[in-house]
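Here is the structure we will look at.
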Amino acid sequence: MPAHFCVTVRFLQPLSHGRGDDDEPEWPPSPLRLFQALVAASAARWNERKELRRALPALRWLEMQPPPLIIAAPAERSPVKYRLYVPDNVGDKVGGSWARGGSASIADYRTEKNVRSAHLTSDAVHFLYPIGDDDRVSAEHRQTLSAATRSITHLGWGIDMVAASASVISEDEATGLSGERWQPEVDSANTRRAPLAGTVHALMERHGAFLNRIATDGFRPVPSLSAFRLVGYRRTTEAMTRPFVAFSILRMDTDVFRAFDTVNQSRRVAGMMRGIASSVARSTGWSEEAINTFILGHGESREETKHQPVGPRRFAFLPLPSIEVRGAGKQAVVGSIRRVIVTTFGDGCESQVDWARLAMSNQALTDEGSKEPVAVLSLTGETERAIRNYTRRSSRWATVTPVVLPGYDDPAHYRRRLNDKIDGQEKIRLLTALNDRIDRLLRKAIVQSGFSATLAEHVEIEWRKVGFWPGTDLAGRYRVADYLRRFTRYHVRLRWRDARGGAVDVPGPICLGGGRFCGMGLFAAEE
Amino acid sequence: MSDVTQFDGYLKDDGPAALVIREHLMPVEGPDGVLFPATFAAGDGFPGGYNIDGDPNGTNVCLIDSVGSQANRIEPLFAKEKYRDLVPQIIIKAGKREVSLLDAGHRAGDAIVRCSELQQTLQDAFKQVLNGNAESLAKIAPTSLVFGVWDSRDTQAKLPRLIASTIRAFDVRKLTRHAQFIPAVDYVREGILDEPEDLKDAEGKIKGKHPFAQRGFTHIPVTKSENVHGGVLATGGVRRDATLGLAALRLLFAGKDETKTLLLRRYILGLGLTAFTYSPTGYLRQGCLLVLDPSKEKPREFVEVWPTGERRPATVTGEAALEYTRATAKEFVVGENTTVEFDKERARRDVTAQGGNTTGRRAKKVKVGESS
């Protein structure tokens, strides 16, 4: 059964002063910071203050482990620092002055020290190391480390006093730990230092150098620690930035936009994109299987009739309605489709998006019926405002095309029963049940689109048949594929929130529900 | 005589990690009284003034007294009559002045004491710390083990602080104030002083600064932004959080001798409990006199914090801590009181041995660390 070696550190005061590589308050603390605290605790606990022996094998084992999952109390970084003036250790200068009858003061010898802290909303941070091979040696190392952990007294600055403990916990127990979850993630730009093979040896060498930094021949600078690695971390409340490429849709042989009606032709545009992508992929050497799955979204073979979904690792072709400022009041209004985005909702598909950028630029969109070219794709900048309406970070989003619910919203036929003669209480009960069902389906759609369960749990959702954006039509009027017609459609507004109700900025593109790979359920940023 | 074993549970490896006191305070004028937090200098993007984190009009935290400032208020108690026998009183005389080791910013690692006849004693003590024996250091400078020390000028031995205390106010509203200095006499109108003829420009405005302003001979309004801090109203209350790190105390050894280690730990625990249960003066600065808030169900909370995070109520009074410390100090045998002279020659040799640079420049270069 999967389990974790969990090291829990509790801050005795709700502040942390440790600094990261950017000199900003570091929260959560890095795995390397914890490792260094364990090294110091081991040296102190077994009174081996110059050279580690007792805990050395266990520390060497720990430095080889994969980076831990970190579950940490949310924290607010202090936006400003305050400055202290701390006395330098030059009392001999002051004493010398006094001995000569002078009046020097230690206040004349001070060093500036800037303080900037992270304010913790709770006291605990947990580091969860996955337990792979549960052999006797590993178990002994964990026992040694558990003893050492109880001797961790500080984490961060000397004023960051902590109490720590360690134990093996089950997956269920890990799920029950409260706090923000920080997952190791290769592509995240938010990095933390972590130990690697040789870190404990390097720390011991550095300690020795530090103890000898003042010698009879002068000061010997202590070299910085270099035996560590940088590991990307991402909070589960943070959505991944999806790679995408944007194209303008132009008339043939001109640089004028070719517009398509959003309500009736969005599906047609997506279909043409799929067609041209398949054609170009075939000519550039893609296998039929790859074309079938990644471009067309068919997991089944040509001989099979039943559709097999392929999951998120496939292209999504998202026709983008223009959001135009109209009228004297300068109101933003959703207009016709003039651009399209190619993206994916799966991880690790950057190379395919890069291929689309190169291969699909200047290709002609061909009508699926007449086979005649009707428009040409022109690569467009990602920073263009018309694109950023769909891709920038925002905490508030609303649909430009409605979300097709990923399931029946009324399997028990509550709406039919609402037409019967029922009392007010029953009516309330039925409506509440309907709303709960729709809410659950929308949160399910959010998770299906690749967002974390944490984000899906805390997002605030509104839905209705009428669009939130001016210029959108009633949800039921948008043309969808035949297999989606039986599912109800709603316009939806999302306000992304974290567990504390704080706004979370999420990057686009965001597309939810049935037909999302063809641009149904497409959201534009409202802020 | 106090039972020296009564707190041995705090010295066991499976004992609590720390003791925590939380005191709910208020200005002496009342919970709605104005109090004046510490002010900090401007620089490096900080405009200066009070340290307030968060929404200035909503949820925020304001620093009233920092860890270092609280430590500076607590540590000198061991020079007071009631407590002075608990620790050796080490005085360093330089010329006509003298300073207690209890007042030296870097404690046993302070340069003023290493340039005295205690230099070798302290060096030996710090070297023993590095070899896992803190007994010698406890004989001469036991408060260094309580409040932390770093021998930055010599052996580099370091011991962490056991006690940290901070006072914060919550959800504060910042106030401003203005004032005007009014001279006792209108010197110009009374003809006592003549204003310089070139004082004003063609429009009658004073050019530059009024020469009388610096000497107090004219009206001076207080308008500069750094001078108009008017205190805060702490709508969310004021609180002192103090911690005594027992897990850190259990990392003190007298080498491999278990009996001596126990005596050492009991003694330092006693000093720690005495300092921990001592309420430093509520008078922090002008406009900031704090007292316990009687409206709280528990104005003073005292808990044991275990490694699992569990908190259990506990209580140790100041008197009980003092009695315990007297007993453990007697068992440990407190070091001798000593008065030594600052040795100029030793200081010169110390500087020469370290490459001949002035200690001031060297100190700035290595940033030898902070005081409490």
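The values are calculated or read from the model by the stated rules, or taken from the named source; none is laboratory data. A quick note: this is a predicted structure, and the numbers were derived from the prediction, not measured. Note that we place each Cβ from the backbone using ideal geometry, even for glycine, and neighbour counts take in every protein chain shown. The area values use the complete protein model at the heavy-atom level, side chains included, leaving out ligands, DNA and RNA. Shrake-Rupley method; radii C 1.70, N 1.55, O 1.52, S 1.80 Å.
Using a probe radius of 1.4 Å on heavy atoms only, what accessible surface per residue do you get for region A:365-440? Whole Å² is fine.
Averaged over the residues of region A:365-440, the accessible area is 56 Å².
Given the alpha-carbon gyration tensor of region B:72-121, what are the semi-axes of its equivalent ellipsoid in whole angstrom, ordered largest first, with each equal to the square root of 5 times an eigenvalue?
After diagonalising the Cα gyration tensor, the semi-axes are 19, 11, 11 Å.
Would you work out which of A:Tyr129, A:Leu145, A:Gly158 lies farthest towards the positive end of the dipole of region A:116-185, given +1 charges on the beta-carbon of Lys and Arg and -1 on that of Asp and Glu, about the Cα centre?
Comparing the listed Cα positions along the dipole, A:Gly158 ranks first.
Computing the accessible area with a 1.4 Å probe over protein heavy atoms, can you report the carbon and sulfur percentage for region A:113-229?
50 percent
Which one of A:Ala316, A:Pro25, B:Pro294 has its Cα pushed farthest toward the positive end of the charge dipole of the protein assembly as shown, where Lys and Arg give +1 and Asp and Glu give -1 at the Cβ?
A:Ala316
Quick check: Cα centre of region B:191-261 to Cα centre of region A:266-286, how many Å?
That distance is 70 Å.
Taking each residue of B:165-178 in turn, how many C-beta atoms of other protein chains fall within 10 Å of its C-beta, and what is the average?
1
Are there any residues in region A:8-47 with a reduction of at least 10 Å² in accessible surface when going from the isolated chain to the assembly of protein chains? Probe 1.4 Å, please list them by number.
A:Arg10, A:Leu12, A:Gln13, A:Pro14, A:Leu15, A:Ala44, A:Arg45, A:Asn47
How crowded by other chains is A:75-84, given as the mean number of beta carbons from other chains within 10 Å of each beta carbon?
For peptide A:75-84, the averaged partner shielding equals 6.
State whether region A:228-387 is rounded, prolate or oblate according to the following rule on the C-alpha gyration tensor (a ≥ b ≥ c being the square roots of its eigenvalues): a/c under 1.5 gives rounded; otherwise a/b larger than b/c gives prolate, and the remaining case gives oblate.
oblate
Return the residues of region B:130-159 for which accessible area with all protein chains present is lower than in the chain on its own by 10 Å² or more; set the probe to 1.4 Å and exclude ligands, DNA and RNA.
The answer is B:Leu130, B:Asn131, B:Gly132, B:Trp150, B:Ser152, B:Arg153, B:Asp154, B:Thr155, B:Gln156, B:Lys158, B:Leu159 - residues whose exposure falls by at least 10 Å² when every protein chain is included.
When the accessible area of region A:368-527 is split by element with a 1.4 Å probe, what percent falls to carbon and sulfur?
Reported share for carbon and sulfur atoms: 47 percent.
May I ask which residue of A:Ala456, A:Gln331, A:Thr262 lies farthest towards the positive end of the charge dipole of chain A, with charges of +1 (Lys, Arg) and -1 (Asp, Glu) on Cβ and the Cα centre as origin?
A:Gln331
Under a Cβ-Cβ cut-off of 12 Å, what is the net charge of the residues other than A:Ile249 that fall near it, where Lys and Arg count +1 and Asp and Glu count -1?
+4
Among A:243-251, B:142-150, B:239-247, how do they line up from the highest to the lowest mean number of other beta-carbon atoms within 10 Å?
B:142-150, B:239-247, A:243-251
For B:Lys200, list long-range residues whose amide hydrogen, built 1.01 Å from N in the peptide plane, is under 5 Å from its own amide hydrogen.
Answer set, sorted by chain and number: B:Lys207.
If you bin every alpha carbon distance in region A:47-101 into 10 Å steps from zero, what whole percent lands in each bin?
14, 16, 16, 29, 16, 8, 1
Using alpha-carbon positions, what is the distance between the centroids of region A:359-384 and region B:137-187, in Å?
Here the two parts' Cα centres lie 68 Å apart.
What is the calculated FRET efficiency for A:Asn264 to A:Ser122, with r their C-beta to C-beta distance and R₀ = 56 Å, to the nearest 0.05?
Working from the Cβ atoms, E equals 0.60.
Using the Karplus equation 6.51 cos²θ - 1.76 cosθ + 1.60 (θ = phi - 60°), what ³J(HN,Hα) coupling, rounded to whole Hz, does each residue of region B:81-90 give in order, writing x for Gly and Pro?
Karplus values, whole Hz, x for Gly and Pro: 3, 5, 10, 5, 7, 7, 9, x, 8, 9.
Skip the ligands, DNA and RNA, and give the accessible area per residue of region B:149-206 with a 1.4 Å probe, whole Å².
61 Å²
Once you average over the residues of B:64-72, how many Cβ atoms of partner chains fall within 10 Å of each Cβ?
2
Post the alpha-carbon centroid distance, region A:110-138 to region A:22-77, in whole angstrom.
7 Å
Can you classify region A:136-200 as rounded, prolate or oblate using the Cα gyration tensor, where a ≥ b ≥ c are the square roots of its eigenvalues, rounded means a/c under 1.5, and otherwise it's prolate if a/b beats b/c and oblate if not?
rounded
Compute the signed sum of charges (Lys and Arg +1, Asp and Glu -1) over the other residues within less than 9 Å, Cβ to Cβ, of A:Ser42.
+1
Check cross-link reach from A:Lys330 to the lysines: straight Cα distance under 26 Å, and skip same-chain residues fewer than eight apart.
A:Lys465
Could you state the accessible area per residue of region B:1-141 in Å², with a 1.4 Å probe and every protein chain left in place?
Result: 39 Å² per residue.
Run a plain Debye calculation on region B:105-229 (Cα atoms as equal point scatterers, no solvent) and give log10 I(q)/I(0) at q = 0.12, 0.16, 0.17, 0.21 Å⁻¹, rounded to two decimals, same order as the q list.
Treating every Cα as an identical point scatterer, log10 I(q)/I(0) equals -0.65, -0.81, -0.87, -1.15.
Quick check: from the Cα gyration tensor, does the protein assembly as shown come out rounded (a/c under 1.5), prolate or oblate?
It is prolate, given that a/c is not under 1.5 and a/b is the larger ratio.
What is the dipole size for chain A, taken about its Cα centre, with +1 at each Lys and Arg Cβ and -1 at each Asp and Glu Cβ, in debye to the nearest 20?
1000 debye
Over chain A, what relative contact order in percent results from Cα pairs under 8 Å that are six or more residues apart?
Computed over chain A, the figure is 15 percent.
From the alpha carbon gyration tensor of region A:303-431, can you work out the equivalent ellipsoid semi-axes (sqrt of 5 times each eigenvalue) and give them in Å, largest to smallest?
Here the semi-axes work out to 38, 24, 17 Å.
Strictly over 20 Å apart at the Cα level, which of A:Lys81/A:Lys113; B:Lys96/B:Lys344; A:Lys113/B:Lys224 would you flag in this model?
A:Lys113/B:Lys224
Can you return the aspartates and glutamates within cross-link range of A:Lys50? Criterion is Cα-Cα under 17 Å, with same-chain partners fewer than 8 residues away left out.
Within the straight-line cut-off, A:Lys50 pairs with A:Glu205, B:Asp124, B:Asp151, B:Asp154.
Please compute, over every Cα-Cα pair in region B:8-128, the percentage with a separation greater than 24 angstrom.
Across region B:8-128, Cα pairs with separations above 24 Å total 57 percent.
What net charge is computed for the residues neighbouring A:Gly156, neighbours being all others with C-beta under 9 Å from the C-beta of A:Gly156, Lys and Arg scored +1, Asp and Glu -1?
With Lys, Arg at +1 and Asp, Glu at -1, the neighbours total 0.
Hey, any idea what % of region B:36-172's accessible area is carbon plus sulfur with a 1.4 Å probe?
That fraction is 46 percent.
Between chains A and B, what is the buried accessible area summed over both chains (1.4 Å probe, protein heavy atoms, nearest 100 Å²)?
Its buried surface, counting both partners, is about 5700 Å².
Could you give the size of the charge dipole of the protein assembly as shown about its Cα centre, using +1 on the Cβ of each K and R and -1 on the Cβ of each D and E, expressed in debye and rounded to the nearest 20?
920 debye
How large, in Å, is region A:199-290 by the Kirkwood hydrodynamic radius built from its alpha-carbon pairs?
Evaluated on region A:199-290, it is 20.5 Å.
With charges set only on the Cβ (+1 for Lys and Arg, -1 for Asp and Glu), what does the dipole of region A:433-507 come to about its Cα centre, in debye to the nearest 20?
Once rounded to the nearest 20, the dipole reads 340 debye.
Across region A:406-413, in residue order, what do the Karplus-derived ³J(HN,Hα) couplings come to in whole Hz, using 6.51 cos²θ - 1.76 cosθ + 1.60 with θ = phi - 60° and x for Gly and Pro?
x, x, 6, 8, 9, x, 8, 6
Based on the alpha carbon coordinates of chain B, what radius of gyration and maximum Cα-Cα distance (Dmax) apply, in Å?
Calculated on Cα positions, Rg and Dmax stand at 25.7, 87 Å.
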